[in-house]
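Trainee: This is the structure I have questions about; it appears just below.
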């Protein structure tokens, strides 16, 4: 009988099951940054976690949105970056659980109505075609919805790209912009060297300087003012 006792005890332990330690990721807020603004439907918002040492364990989003890790697989050990994709237009939430907590927030989306290349922080005259001077050849890729509000999309790609929504124009020619939220757009741009004249125009108490070469407005550093107000060529 004594020889059977250990077997009986082992069987009883097996029925109860061993105590298994399960890992529940802490839900402390995790700092992150985004591209800002509403995301273009079909495209994605980029969520970057400040602490690169945190492993992304899982992600979730409300209906109409999705969370995508770098490389497409969880856990995300590649980079502290995540894409919150807008599958439809509307509003929702997302959460990314990491080894230290959770990065979570709200997300909104809208359809792209217009794709433009415009000079950043620069006021054009509003009626002339424009070219860029080699001295100021940086342009903004601007996505807007039907109301004219600016949208973001981390999938945007273009030649000479220096940021998700900026590019540097190297020479005269066609620039094709692509993105998951819109059909490819091709824009003809001219790069010139120098201007013929600079005109100052005052409206609503604001004076803006516009440079021209013939009848084409030229975006140039020569128009920059010391105390800009609405744009770097206006005071």
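Every read-out reported here was derived from the displayed coordinates using simple, explicitly stated rules and does not represent laboratory data. Everything numeric here is computed off the predicted structure, so don't read it as measured data. We place every Cβ from the backbone using ideal geometry, glycine too, and count neighbours over all the protein chains shown.
Trainee: Is the C-alpha gyration tensor of segment 114-223 telling us rounded, prolate or oblate? Criteria: a/c under 1.5 is rounded; beyond that, a/b larger than b/c is prolate, otherwise oblate. Walk me through the numbers before you get to the answer.
Mentor: Working: a/c = 2.30, a/b = 1.47, b/c = 1.56.
The shape class here is oblate.
Trainee: Ok, one more. Modelled label-to-label distance, residue 150 and residue 229, 7 Å Cα→beta-carbon offset: nm?
Mentor: It works out to 2.0 nm between the two label points.
Trainee: With each pseudo-label sitting 7 Å past Cα toward Cβ, what's the residue 99-residue 191 distance in nm, one decimal?
Mentor: According to this spin-label approximation, the distance is 4.4 nm.
Trainee: Quick one: check the C-alpha center-to-center distance for segment 131-188 versus segment 35-87, whole angstrom.
Mentor: Rounded to whole Å, the Cα centres lie 23 Å apart.
Trainee: May I pose another question? Using a 7 Å offset from the Cα along the Cα-to-Cβ direction at both residue 216 and residue 60, what is the distance between the two label points in nm, to one decimal?
Mentor: My value for the distance between the label points is 5.6 nm.
Trainee: Hey, another quick one. Helix 5-16 against the longest principal axis of the chain: what's the angle in degrees, Cα atoms only, rounded to the nearest 10?
Mentor: Helix 5-16 sits roughly 30 degrees off the main axis of the chain.
Trainee: Sum -39500 (n - 2.57) across every DSSP H segment of at least 4 residues in the chain, then divide by the residue count to get the 222 nm mean residue ellipticity, nearest 500. The partial results should precede the final answer.
Mentor: On the way: 1 runs with 12 residues, N = 235.
Rounded to the nearest 500, the figure is -1500 deg cm²/dmol.
Trainee: Rounded if a/c is under 1.5, else prolate if a/b is larger than b/c, else oblate: which is segment 155-194, with a ≥ b ≥ c the root eigenvalues of its Cα gyration tensor? Please list the in-between numbers first.
Mentor: On the way: a/c = 3.62, a/b = 1.73, b/c = 2.09.
The shape class here is oblate.
Trainee: If you don't mind, another one. How much length, in nm to one decimal, is gained on full extension between residue 113 and residue 206, taken as 0.36 nm per residue of separation minus their Cα-Cα distance? Intermediate results must be reported in sequence, preceding the final value.
Mentor: Numbers: separation 93, 0.36 × 93 = 33.48 nm, distance 2.97 nm.
Between residue 113 and residue 206, full extension yields an extra 30.5 nm.
Trainee: Another question, then. Using the Cα gyration tensor of segment 32-110, with a ≥ b ≥ c the square roots of its eigenvalues, what is the shape: rounded (a/c below 1.5), prolate (a/b larger than b/c) or oblate (neither)? Before the final figure, lay out each step's value.
Mentor: Working: a/c = 1.91, a/b = 1.79, b/c = 1.07.
The shape class here is prolate.
Trainee: Taking only C-alpha pairs under 8 Å that are 6+ residues apart, what is the relative contact order of the chain in percent? Intermediate results must be reported in sequence, preceding the final value.
Mentor: Numbers: 530 pairs, mean separation 39.7, N = 235.
That works out to 17 percent.
Trainee: Arranged from highest to lowest average of other beta-carbon atoms within 10 Å per residue, in what order do the peptides 107-116, 68-77 appear? If you can, show how the numbers build up before the last one.
Mentor: Numbers: 107-116: 18.5, 68-77: 14.2.
So the order, starting with the most tightly packed, is 107-116, 68-77.
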